[in-house]
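Structure record follows, encoded as structure tokens.
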């Protein structure tokens, strides 16, 4: 006898478009046991316990289509698998990885369900599923569940496994423009676009960011020298190797000065407005300790620090810093005042979701040194009304993009070009960003490669800036999508031959073609992997190859069910038939009609500019025509098939045989391509496959002359074929 339990039988990560959704998701098979007889309305108190623990479930619309829809279903009575789906999604959301799509469907086995849910990272999705199962069972059995501890674990996993917020923002901007993305590592290296049309980003660095330019930007002394030579205002300064040299440099330059690490970042080890030898010596030791090497002493520039983000030839965002002060009350020490007057700001915190950092005056060496200059320590009590400076120019996170003077923006762009970067963070100090630098002794302090984007995405005040879109627009012209012609072939009849022949026809049209099929993985005429069942990994190998200008994929129903398609969209999709359900019992595919839902995936991903190639002799394949966002070409051995006749009647394209001849037709116009009898007998023996392949190449614009030449020169034996 089954007990009330939820057993996870199998978990599959579907990397690409699948029977559930266009995007990657996880499909879990779960057995809910005796809970099949106990929907939620028959489990006393479950609604109250679940909504108390996860009140944000009210945002789930579910099939009802409105806020609170899932809670309505929960109150009325729904099954454990459906609840598991929503709890899994919400745990991902609470962990900081926003998702929304999910479905739960019965199988032919009582109590066994398929639960599918969107996830942006496989390991996070699997962990959320396991946690959701434990949470739901705890509530059903009226046991305690430690949600805060679970979320800490999931958030840590999100931080370690997911794209960083800056990279994710760029990828999201690419998605808006329908530009596909492939994550190339567990880190933030991402490919935008496919094959020969791809570009790469690594957070805010791109494949246009030169190594020489990046090296120059790291050499602060060289950068300043180049900028100064080209007329960009920079503070006078020099590199020093010991404290005595630091004081000598300060005397030569003239106090006040700034002291900072030669190879520092994020303001660590930087001390400003220094005048006495004691201050400069102490600042030198701090900078040396923080930077681990040489130290720069340079002229102090009065004003606030600003960060301007330059992308290509324009400033797309600007942020300003501000000083942090506390005011004494006669009773609290500086640590307590900082907590009361600075750290209490809800915008401050330790995570990336906070635009401002918390301040630790008893720990941060820069703050300790600043307090010492005022004759204070973090443990001193400030008399009522006295102000103490805690941090100069901390947190450059206050948006001032709309205030930047055109001359300031032009100077930032010039500095970027001088160094040679395509994306740069320009650090400058000025008292008023809305006035030219020359009017106020403003200067550019640093030029940074790979700049952080968070201060522009989540400013402490002001409007967030679409910096990700700016970077994508810099990499891709308005008319570019990063895509290449992709042809997918699905079904069970002659799909390998179709894929190989399509690849050959495209190659003789002058493109470098990648092919993934059962005969192997090919780049033009070179086989780079032996014969194997087509899989997602083989397809990815084609899409990351910079030499590929077009790609052809053979896709089986098994691959769609177990991995998903290797691409998100395609230009041409071929469906030959919906046979083969008897070989898919392991997926609970038990009837021919279910194959329609599997193989329609190939048609669902066709671009609006693309074409579906459908077998006119298969009624259920013909039904897929209505699912295609692009055009349709029907093929068949008999031009009198109803779908072919009706398609021609409205002026659309078809291909068929008449008296042994291959006929291309568009409406009433016809072109006899060639006779099959002119081909070798082993080629002519598979006429349906030949028609499908010719239709696919025709849809891509291959001329009739080349189609005929390709059919004549194609070899059935892959060892002889010249692709």
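The values are calculated or read from the model by the stated rules, or taken from the named source; none is laboratory data. Keep in mind it's a predicted model, so treat the numbers as computed, not measured. Here Cβ is always computed from backbone atoms with ideal geometry, including for glycine, and neighbour counts include all displayed protein chains.
Of the numbered conditions (1) over 24 Å from residue 18 (Cα atoms); (2) at pLDDT 95 or above; (3) in contact with a helix residue (DSSP H, G or I) (Cβ under 8 Å, 6 or more places away or on another chain), residue 511 fails exactly one; give the number of that condition.
(3)
Going by what's in this entry, would residue 262 be described as in contact with a helix residue (DSSP H, G or I) (Cβ under 8 Å, 6 or more places away or on another chain) and modelled with pLDDT of 90 or more?
Criteria not met by residue 262.
From the list 677, 689, which one is over 44 Å from the mean Cα position of the chain (by Cα) and under 28 Å from residue 510 (Cα atoms)?
677
Residue-by-condition table, conditions (1) touching a strand residue (DSSP E or B) at 6+ places or on another chain (Cβ under 9 Å); (2) surrounded by 17 or more Cβ atoms within 10 Å (Cβ to Cβ):
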residue	(1), (2)
333	yes, yes
372	no, no
379	yes, no
396	yes, yes
407	no, no
416	yes, yes
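Tell me, which helices (runs of 4 or more DSSP H) lie completely within the range 3-114 with 2 or more residues that are out of contact with any helix residue (DSSP H, G or I) (no Cβ under 8 Å at 6 or more places or on another chain)?
Qualifying helices (runs of 4 or more DSSP H): 46-53, 80-94.
State which residue is modelled with the highest pLDDT when the search covers only the range 171-204 and only residues that are crowded, with 19+ Cβ neighbours inside 10 Å and over 25 Å from residue 549 (Cβ atoms).
Applying the filter and picking the extreme gives 173.
Can you give me the number of residues within the range 356-367 that are surrounded by 14 or more Cβ atoms within 10 Å (Cβ to Cβ) and modelled with pLDDT under 80?
5
All but one of (1) within 34 Å of the chain's Cα centre (by Cα); (2) under 21 Å from residue 442 (Cα atoms); (3) at pLDDT 90 or above hold for residue 257; state the number of the condition that does not hold.
Every condition holds for residue 257 apart from (1).
Quick one: is residue 43 more than 30 Å from residue 586 (Cα to Cα) and surrounded by 14 or more Cβ atoms within 10 Å (Cβ to Cβ)?
yes
Take the conditions in contact with a strand residue (DSSP E or B) (Cβ under 9 Å, 6 or more places away or on another chain), more than 18 Å from residue 271 (Cβ to Cβ) and surrounded by 14 or more Cβ atoms within 10 Å (Cβ to Cβ) and apply them to residue 385. Does it pass?
no
Given the criterion closer than 19 Å to residue 41 by Cβ and either buried (at least 23 other Cβ atoms within 10 Å of the Cβ) or in contact with a strand residue (DSSP E or B) (Cβ under 8 Å, 6 or more places away or on another chain) (or both), identify the matching residue among 102, 111, 77.
None of the others qualify; the one that does is 111.
Considering each residue of the range 232-246, count those that are without any contact (Cβ under 8 Å) to a residue 40 or more places away in the chain and more than 19 Å from residue 278 (Cβ to Cβ), and give that number.
Number of matching residues: 0.
Of (1) under 31 Å from the mean Cα position of the chain (by Cα); (2) crowded, with 24+ Cβ neighbours inside 10 Å, residue 501 satisfies all except one. Which?
All conditions pass for residue 501, except number (1).
Can you tell me which of (1) under 25 Å from residue 507 (Cβ atoms); (2) loosely packed, with under 15 Cβ neighbours inside 10 Å; (3) in contact with a helix residue (DSSP H, G or I) (Cβ under 7 Å, 6 or more places away or on another chain) is the one residue 707 doesn't meet?
So the condition that residue 707 fails would be (2).
If we scan the range 524-547, do we find a residue that is under 30 Å from residue 309 (Cα atoms) and either in a loop (DSSP other than H, G, I, E, B) or touching a strand residue (DSSP E or B) at 6+ places or on another chain (Cβ under 6 Å) (or both)?
Yes, some residue in the range 524-547 is under 30 Å from residue 309 (Cα atoms) and either in a loop (DSSP other than H, G, I, E, B) or touching a strand residue (DSSP E or B) at 6+ places or on another chain (Cβ under 6 Å) (or both).
Residue check: is residue 283 surrounded by 22 or more Cβ atoms within 10 Å (Cβ to Cβ) and touching a residue at least 40 places away in the same chain (Cβ under 8 Å)?
It is true that residue 283 is surrounded by 22 or more Cβ atoms within 10 Å (Cβ to Cβ) and touching a residue at least 40 places away in the same chain (Cβ under 8 Å).
So is residue 532 in contact with a helix residue (DSSP H, G or I) (Cβ under 8 Å, 6 or more places away or on another chain), farther than 20 Å from residue 498 by Cβ and surrounded by fewer than 20 Cβ atoms within 10 Å (Cβ to Cβ) or not?
Spelling it out, it is not the case that residue 532 is in contact with a helix residue (DSSP H, G or I) (Cβ under 8 Å, 6 or more places away or on another chain), farther than 20 Å from residue 498 by Cβ and surrounded by fewer than 20 Cβ atoms within 10 Å (Cβ to Cβ).
Output the residues belonging to the range 239-261 that are under 20 Å from residue 224 (Cα atoms) and crowded, with 19+ Cβ neighbours inside 10 Å.
Correct list: 240, 246, 249, 250, 257, 258, 259, 260, 261.
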